[in-house]
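Have a look at the structure below before the remarks.
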Amino acid sequence: MITLSFIYPAALLLLGLLPLLWLFAWATRAPNLVRLGRRRFGALLVLRSLMLLALVLALAGTQLVRPSEQTAVVFLLDGSDSFAPALREEALAYVNQAMEAGEPTDRAAMVVFGADPAVERAAVPVAPLNRVTSVVTPSRTNIAEAIQLGLALLPADAQKRIVLLSDGVENTGRAVEAARIAALRGVPIEVVPFVATSGPDLLVTALDVPATAREGQSLPLTVRFQSNVATTARVELLADGELVAVEEALPVAVGAGTLQFNLPVGEAGFRRFEVRMTSPVDTQALNNRATAFTQVEGPPRVLIVASAEDRAAPLRAALEAGEVRVEVRAPAQVPAQVTQLRQFAAVFLVDVPAPALAPEVQRALTIYVREQGGGLAMIGGTEAFGAGGWRRTPLAEILPVDLNPRSQEERPDLALVLVLDRSGSMSDTAGPGRNRLDLAKDAVILATQGLAEQDQLGIFVFDDVAQTVLPLQPFTDLLLVEEALGRISIGGGTNIRAGVALGADALDAVDARVKHLILLTDGLDSSNYTDLIDRMRADGSTITIVSIGGEANPSLEGLAERGGGAFYRVLQAQDVPAIFLNETIRVAGRDLVEERFLPAIVLNAPPIRGLGPLPPLNGYNATAARPAARTLLVAPDGEPLLAVWQVGLGRVLAWTSDLKAQWATDWLAWEGFAPFATGLVDAVLPPASSGRMSLEARAEGSEILLDLFVFGEDGRMALTGEVTGRLLDPAERGVPVAFRQVGPGRFRAVVPAPDPGVYLAQVTASDLQGEVFATTSAGVAVSYSPEYAPSIDGQVLLNDLAAVTGGRVAPPPASLFEPAGQRVGRVNEIGLPLLWLALVLLPFDIALRRLFLRQIELPALFKRRRRSTSSGAEVGLDPALIRLRTARTQPSTPPSARDNAAASTPSTAALPDPREQPAPSPSRPTRTSPNSDDDTLATLLAARQRRK
């Protein structure tokens, strides 16, 4: 049965205009009936009603729906690891049996799913499927997303059905909720269960450790495992990555078992424990480990990073005197994993240059502060802050000081020209897969870290000839420099003079406080370019020469001295980048200020409060204050000495002078130095929980549950103002954690944990006045995907999916393409034809209102038209007018001649004699001539009357 549907049913309200049209016609019927007549008036009303109806239906988007008997089936095939390949082959055979029973007009689609679904085949006419080519993530089973994708693939004009072929072991998503959506759409889900089979398997189900502990305690650990076969196993226990206990040949029975360990808790910090079990008969190695964390409370541990022991020695001694646990490491020994950095409450970078700290370590330190609430402090020196090349690094963004000191002049501070040798000898190997030219490019990138926003940079290269790679211009974009370096390749000979001349000309054309050229070469050149050096010196430019290897021209050192710069003979090409950075910083001369001065107190707050008069300093790193930071001490020119601010959940401190016997000689001998040093640690540490907050974290399936308990000062559960938290996932991405209060002082958060790995949570609690009074942290590890956990019975879920949607369990394959009894049909839009109908009816409406022809006039009209055509007269002229025009064209004839002609003309219809005509009326003038104007006018009037 054909039915109507509407895209915009609200437009049907306009049909209320029809009664108004009829009411208006009834109200004005009297004059219209007189003018139009009853039949014409009725026809006009019907015509206008049809036009209005067509327009309203067109606006409503009217559609014709014809019933459809075609069937569309979407097969959902399990592609997870729990669904064995043998089961997948059985499922594919089942699908092909069903397709053999389908009609040519039926359609079939297939979706393969694991952690995510993929379309193997769209809804097309039924055809055999030989193999599955879609690749999905097999470590999870997400039936819910597969159902949603299957619903999207079903066409609207066919009977719909979804067939699920799976073991029903769901570990991601909620398939029942997706099934409810299918039920609302009337789509049944037919389920075909397959029983998962597995070989011998030993797995670790959990590692239980206390969430918190105190130093000096013995920590109990419980290993929980499960096996489906009797065997023996080797158990290894690791603490912070180090093997601390081993159990050999542990007997394992069928079913669940436990194993106990007791370990010293160790020092304060975040401890990570991991257990591993291996067995000779195990077939699944991915589920043989588990990880847990413990927060050990005690004195804070601080990591000091220094390039040399003597730089960190004074600070270390002062902190240890204040009972702070200190560990000193070289930059290369700093861990790049946030989980390992969490062992320390704070990290101090003591006069460390940026190139000494790997980029991944810098990134980890940033995450450690922002997401995990760690403390970070940078201590100054000749290789710290801007002088250490920290500009445009990840840590530069979180420092409470700006590394670009304010220039006192409007002109650029530094115009730097880099002239690089790209001759054939620069292709010599300088490391694994790298040559000397590659290191020269690295040196240019590193040199840019010594440039500020007001500086200029130019890059030139030479072999036989010199070329401009980057014209001397303001340094604003590092990407522009990288693109320019990418265009440099190995060339031919060596023409140093051409390169120096090109760079000297560029410097000569600019106005800068310092103009400097750095020449890098490794070859011999007999050219004499002393005149160029002298011209540069006269122009106020200097030159530094970096010579690689022992084959360079020995006169280069003298040329560098003549040019007012430095000379570096480098035997190891790996040293070139650091030389470029140091030379850039040296010639800029703005990052280091060495003079004796007395610090000025801006904000008398810890760590300087109560320390009395401050000793003088002999120098500092030039920086600029950030408006949002708290600046406590400044130099005489107003540049910051001590500043601190909040970054995410952590705090960052900057001390721009040093803490060794160079600038801080008087401070080391000062009696307040030890309290000042421990105050620096306190300034970056978060508020201690003091037993007022406890956080428990555990993994359940693909989610992490966080339970937070907040206590008052009396030890009872208490209300709090606000709880904020961050969770760091295995990819070290921080996500906010939303806690909801489930009771007085008790909060809970549920966070998705789709990937195996370590999750670290950091939580901060504030009171009703908004003051933070406690912070705490916890860690939880998802050791392996739930796909490899102990198998559960998926038959229950499959039965629920079928029951919710009215589907069947294990239906015969031949019945899948039978109509499902749904009311579906094919839709045809008729809105545009209805508009055309209204337009076609419009001329008839106009004709009924404007065209009036009596029935008796039509034959006469056609008869006159045929007569005029046959006589050759002009079409459309009145016959009387035609006769008048003919008479006017004939010559004048006397009346007697006309009478004779009339008498002699044989005619049965002779014209009447004028003499027999009645006498003219006294009111009319007497006609004196048959061709007079009055006669013509009378004839025309008579013709007009006849036409009327």
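Among the criteria (1) surrounded by fewer than 17 Cβ atoms within 10 Å (Cβ to Cβ); (2) in contact (Cβ under 8 Å) with a residue 24 or more places away in the chain; (3) over 23 Å from Leu414 (Cα atoms), the one Pro627 does not fulfil is (2).
Would you confirm, using the coordinates I've provided, whether Leu21 is under 58 Å from the mean Cα position of the chain (by Cα) and free of Cβ contacts under 8 Å to residues at least 40 places away in the same chain? Spelling it out, Leu21 is indeed under 58 Å from the mean Cα position of the chain (by Cα) and free of Cβ contacts under 8 Å to residues at least 40 places away in the same chain.
Each residue in segment 137-164 was checked for being farther than 17 Å from Phe83 by Cα, of a type outside the set (A, V, I, L, M, F, W, C) and assigned to a loop (DSSP other than H, G, I, E, B), and 2 pass.
Right, Val192: surrounded by fewer than 17 Cβ atoms within 10 Å (Cβ to Cβ) and hydrophobic (A, V, I, L, M, F, W, C) or not?
Values: surrounded by fewer than 17 Cβ atoms within 10 Å (Cβ to Cβ): no; hydrophobic (A, V, I, L, M, F, W, C): yes.
Taking the combined requirement at face value, the residue does not satisfy it.
The set of residues from segment 575-626 being part of a strand (DSSP E or B), within 15 Å of Gly381 (Cβ to Cβ) and over 45 Å from the mean Cα position of the chain (by Cα) comprises just one member, Leu617. When restricted to residues that are touching a Ser or Thr at 6+ places or on another chain (Cβ under 8 Å) and in a strand (DSSP E or B), segment 629-648 contains 4. Whether a residue is aromatic (Phe, Trp, Tyr), more than 30 Å from Ala318 (Cβ to Cβ), surrounded by 16 or more Cβ atoms within 10 Å (Cβ to Cβ) and at pLDDT below 90 was assessed, and Phe270 does not pass this test. Criterion applied to Ala118, Ala109, Ala93, Ala127 was being modelled with pLDDT of 90 or more, part of a loop (DSSP other than H, G, I, E, B), under 30 Å from Ala156 (Cα atoms) and assigned by TED's automatic domain parsing to the domain that holds Ala152, and the one residue passing it is Ala127. No other residue among Asn96, Asn130 is touching a residue at least 24 places away in the same chain (Cβ under 8 Å) and of a type outside the set (Asp, Glu) apart from Asn96. Being of a type in the set (Gly, Ala, Ser), assigned by TED's automatic domain parsing to the domain that holds Asn582 and within 45 Å of the chain's Cα centre (by Cα) is not true of Gly523.
Output the residues belonging to segment 464-505 that are acidic (Asp, Glu) and more than 38 Å from the chain's Cα centre (by Cα). If the condition is that a residue be acidic (Asp, Glu) and more than 38 Å from the chain's Cα centre (by Cα), then Asp464, Asp505 are the ones that fit. Any idea which residue in segment 193-217 is modelled with the lowest pLDDT, counting only those that are over 23 Å from Met277 (Cα atoms) and over 42 Å from the mean Cα position of the chain (by Cα)? Looking at the filtered set, the residue picked out is Gly216. Given the criteria closer than 16 Å to Leu680 by Cα, within 29 Å of the chain's Cα centre (by Cα) and not aromatic (Phe, Trp, Tyr), does Leu349 qualify? Criteria not met by Leu349.
Look at (1) buried (at least 20 other Cβ atoms within 10 Å of the Cβ); (2) modelled with pLDDT of 90 or more; (3) not in a helix (DSSP H, G or I) and you find that Ser134 fails only one, number (1). In this entry, Ala484 is excluded by the filter for residues that are in contact with a Lys or Arg (Cβ under 7 Å, 6 or more places away or on another chain), in contact (Cβ under 8 Å) with a residue 12 or more places away in the chain and outside any strand (DSSP E or B). Answer yes or no: is there a residue in segment 454-462 that is over 28 Å from Ala538 (Cβ atoms), modelled with pLDDT of 90 or more, of a type outside the set (D, E, K, R) and crowded, with 18+ Cβ neighbours inside 10 Å. No, because not a single residue in segment 454-462 is over 28 Å from Ala538 (Cβ atoms), modelled with pLDDT of 90 or more, of a type outside the set (D, E, K, R) and crowded, with 18+ Cβ neighbours inside 10 Å. Residue check: Ala430 meets all listed conditions (1) surrounded by fewer than 23 Cβ atoms within 10 Å (Cβ to Cβ); (2) outside the structural domain of Ala501 (by TED's automatic domain parsing) but one, namely (2). Scanning segment 530-555 for residues that are closer than 23 Å to Asp442 by Cβ and buried (at least 19 other Cβ atoms within 10 Å of the Cβ) returns Ile543, Thr544, Ile545, Val546, Ser547, Ile548, Ala552.
For every residue, the table says whether it meets (1) modelled with pLDDT of 85 or more; (2) farther than 25 Å from Ala509 by Cβ; (3) part of a loop (DSSP other than H, G, I, E, B).
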residue	(1), (2), (3)
Pro412	no, no, yes
Leu416	yes, no, no
Asp438	yes, yes, no
Ala447	yes, no, no
Leu451	yes, no, yes
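Condition test on Val326, is it surrounded by 22 or more Cβ atoms within 10 Å (Cβ to Cβ), β-branched (Val, Ile, Thr) and either farther than 23 Å from Arg698 by Cβ or modelled with pLDDT under 90 (or both)? Answer is no for this residue. For segment 537-591, the set of residues classified as under 15 Å from Thr448 (Cα atoms) and acidic (Asp, Glu) consists of Glu583, Asp591, listed by residue number. Within segment 165-176, at least one residue is part of a strand (DSSP E or B), touching a Leu at 6+ places or on another chain (Cβ under 6 Å) and outside the structural domain of Pro264 (by TED's automatic domain parsing). Whenever a residue of segment 61-76 is on the phi > 0 side of the Ramachandran plot, its partners that are not in a loop (DSSP other than H, G, I, E, B), lying with C-beta atoms within less than 9 angstrom and at least six residues away or across chains, give the pairs Gly61/Ser5; Gly61/Phe6; Gly61/Pro9; Gly61/Ala11; Gly61/Glu829; Gly61/Gly831.
Looking across segment 569-595, the residues that are within 20 Å of Asp402 (Cα to Cα), modelled with pLDDT of 85 or more and surrounded by fewer than 19 Cβ atoms within 10 Å (Cβ to Cβ) come down to Arg586, Glu594.
Among the numbered conditions (1) outside the structural domain of Val723 (by TED's automatic domain parsing); (2) assigned to a loop (DSSP other than H, G, I, E, B); (3) acidic (Asp, Glu), the only one that Asp755 does not meet is (1). Flag: Ala317 does not match the condition of being surrounded by fewer than 23 Cβ atoms within 10 Å (Cβ to Cβ), aliphatic (A, V, I, L, M) and part of a loop (DSSP other than H, G, I, E, B). Thr294 falls short of the stated requirement of being among the β-branched types (Val, Ile, Thr), in a loop (DSSP other than H, G, I, E, B) and under 30 Å from Tyr784 (Cα atoms). Among the residues of segment 640-647, at least one is under 21 Å from Arg406 (Cα atoms), under 34 Å from the mean Cα position of the chain (by Cα), crowded, with 21+ Cβ neighbours inside 10 Å and of a type in the set (A, V, I, L, M). Filtering segment 789-802 for residues that are aliphatic (A, V, I, L, M), modelled with pLDDT under 75 and more than 60 Å from the chain's Cα centre (by Cα) leaves an empty set. The strands (runs of 3 or more DSSP E) found wholly in segment 322-396 and carrying at least 3 residues that are over 26 Å from Ala239 (Cβ atoms) occupy 375-379.
The values are calculated or read from the model by the stated rules, or taken from the named source; none is laboratory data. Model, not experiment: these values are computed from the prediction. Note that we place each Cβ from the backbone using ideal geometry, even for glycine, and neighbour counts take in every protein chain shown.
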